[in-house]
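The values are calculated or read from the model by the stated rules, or taken from the named source; none is laboratory data. None of these values were measured; they are calculated from a predicted model. All Cβ positions, even for glycine, are placed from backbone atoms using ideal geometry, and neighbour counts span all protein chains on display.
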Amino acid sequence: MSKEITIITSSFPYGSSESFLEAEVLTYVNKGIKVNIIPVNPKGAPRHLVSLINVIQINHRHIGYIKALYRFLPVFFFELFRSKRPLIVISRARELFSLYRRALGCFLGVKELRFWSEPIYSYWMTDSVFILLFARKENLIPVAISRVHGYDLYTEVSKDQYIPFQKYFLKELDVICPISDFGAKYLLSSKVLAQKIHVQKLGTMDRFIRKVAKEKSRYLVVSCSNLALVKRVHLIPEILGETCLPIEWVHFGDGAELESLRETAYRYSNSMIFKFLGRVPNAEIHDFYQKHDVSLFINVSYSEGIPVSIMEASSYGIPVLATDAGGTSEALPSSYPLLFPVDTSVERFAEGVKLALLDPLLSTKLSEDLRMHWANSFNASKNYPDFYNFIDKMW
């Protein structure tokens with residue numbers, strides 16, 4: 001069996017994004033598998049785990065405009081004629097060419113490195129997939145494999161309802177690994193060949209320590225996501241305020257909506273304490289869960305792949321309230337009572353919060369069920385070795 005894997009990422013292990021990749025990388029390291037990472041857009045400070053992995057720095061090659069355009073045009077015309085929004089494709093032609101040219105430069109920058117004989121895949125189904133397609137065309141790799149999550153899959157929530165090169169990637173990739181059954185059904189509805197689709201779920205590390213306080217002056221509610229409109233974090237202070245309960249709300253994550261969210265939260269500050277802790281290392285979130293009695297985790301997104309944040313909360317047995325968006329229902333036990341339709345009203349959400357916080361018997365059952373469901377479905381120590389073995393067989 002091969003004992004090496006290469007992952008093409010966006011910026012990981014630099015900066016603070018893609019934190020959910022840490023569990024996969026650490027699982028491989030703990031299993032004695034050497035991990036190579038190719039970050040196509042490295043920015044920010046390196047993380048502590050860079051000493052455990054081999055980070056491949058891309059020496060981007062400059063590609064002449066004419067040479068790149070010659071290779072790009074067949075791809076562009078395929079995308080144009082297969083798209084349901086051809087005018088959008090035309091309007092974004094310059095952007096598409098820039099992405100393609102950059103990907104070609106990335107490929108030529110790593111082409112001579114000696115890792116092609118080991119399993120390699122793209123973490124996102126974005127322009128980084130081109131690196132694999134170029135490598136396969138030159139017979140450097142036998143198959144081109146990519147995971148696909150949410151923003152790189154669901155066109156309905158993307159800019160202009162169009163994802164660059166998606167049609168081309170769906171045709172050219174040999175293996176597409178959605179992270180949820182919901183994602184697999186979406187791909188099938190897009191007429192992707194069924195034999196290409198292989199669901200490979202994510203997972204989180206087991207760091208279970210469940211702290212439960214005997215007495216509570218306030219209920220601690222946590223949320224964790226980027227502050228983007230699709231996450232609808234602005235609804236959370238309205239929901240918690242509607243309960244009229246003594247609540248401390250802590251949010252992990254940042255983004256463009258921070259200031260407007262802060263203004264919304266202030267409107268409910270008479271009864272609710274709130275803290276925005278920003279984007280922090282994943283280890284700090286686990287440390288928080290281990291040291292605090294979290295009464296509820298809340299996620300009211302209207303689109304998701306399958307939330308790793310819910311997997312992490314579930315691994316600690318923290319009760320979860322969530323919307324039935326994307327593959328979220330798969331992260332929760334069947335017939336879960338606090339899974340709500342996306343269009344649920346603030347008042348109905350608030351009733352669910354009160355139910356979770358005020359009924360100790362229900363809270364205990366939710367905690368036990370979530371912990372068991374996580375152990376059966378989203379334990380990193382099982383899911384990632386299974387994924388590694390799956391792609392290793394193709395090499």
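Counting only residues that are polar (S, T, N, Q), more than 17 Å from LEU355 (Cα to Cα) and in contact with a strand residue (DSSP E or B) (Cβ under 8 Å, 6 or more places away or on another chain), the stretch 292-321 holds 4 of them. In the set (1) without any contact (Cβ under 8 Å) to a residue 12 or more places away in the chain; (2) out of contact with any helix residue (DSSP H, G or I) (no Cβ under 8 Å at 6 or more places or on another chain), PRO86 fails one condition alone, (2).
Residues of the stretch 135-170 that are at pLDDT 95 or above, among the small types (Gly, Ala, Ser) and closer than 19 Å to ILE306 by Cβ: SER146 alone.
One residue alone among ILE38, ILE33, ILE8 is closer than 16 Å to GLY203 by Cβ, touching a strand residue (DSSP E or B) at 6+ places or on another chain (Cβ under 8 Å), aliphatic (A, V, I, L, M) and in contact (Cβ under 8 Å) with a residue 40 or more places away in the chain, and that residue is ILE33.
Screening LEU361, LEU321, LEU366, LEU357 for residues that are without any contact (Cβ under 8 Å) to a residue 60 or more places away in the chain, in the same structural domain as ILE239 (by TED's automatic domain parsing), in contact with a helix residue (DSSP H, G or I) (Cβ under 8 Å, 6 or more places away or on another chain) and in a helix (DSSP H, G or I) leaves exactly one candidate, LEU366. For the stretch 56-76, the set of residues classified as among the aromatic types (Phe, Trp, Tyr) and more than 30 Å from the chain's Cα centre (by Cα) consists of TYR65, TYR70, listed by residue number.
Do you know which of the residues in the stretch 329-354 that are under 19 Å from SER303 (Cα atoms) and among the small types (Gly, Ala, Ser) is surrounded by the most Cβ atoms within 10 Å (Cβ to Cβ)? Only one residue tops the list, namely ALA331. Looking only at residues in the stretch 250-276 that are of a type in the set (D, E, K, R) and in a loop (DSSP other than H, G, I, E, B), the one that is surrounded by the fewest Cβ atoms within 10 Å (Cβ to Cβ) is ARG267. Does TYR121 satisfy the condition of being in contact with a helix residue (DSSP H, G or I) (Cβ under 7 Å, 6 or more places away or on another chain) and either part of a helix (DSSP H, G or I) or under 16 Å from PRO42 (Cβ atoms) (or both)? Here the answer is no, as TYR121 does not meet what is asked.
Which of the residues spanning the stretch 25-44 are of a type in the set (D, E, K, R) and part of a loop (DSSP other than H, G, I, E, B)?
First, pick out the residues of the stretch 25-44 that are of a type in the set (D, E, K, R): 31, 34, 43.
Once the filter is applied, which keeps residues that are of a type in the set (D, E, K, R) and part of a loop (DSSP other than H, G, I, E, B), the stretch 25-44 yields LYS31, LYS43.
Only one of the listed residues (GLY150, GLY109) is in contact with a His (Cβ under 7 Å, 6 or more places away or on another chain) and farther than 14 Å from ASP174 by Cβ. That residue is GLY109. Taking the criterion of being surrounded by fewer than 23 Cβ atoms within 10 Å (Cβ to Cβ) and β-branched (Val, Ile, Thr), the only residue of the stretch 129-144 that qualifies is VAL143.
Taken over the stretch 280-298, the criterion of being of a type outside the set (Asp, Glu) and either out of contact with any helix residue (DSSP H, G or I) (no Cβ under 7 Å at 6 or more places or on another chain) or assigned to a helix (DSSP H, G or I) (or both) is satisfied by VAL280, PRO281, ASN282, ALA283, ILE285, HIS286, PHE288, TYR289, GLN290, LYS291, HIS292, VAL294.
Got at least one residue in the stretch 326-344 being more than 16 Å from ILE239 (Cβ to Cβ), assigned by TED's automatic domain parsing to the domain that holds ASP293 and acidic (Asp, Glu)? Yes.
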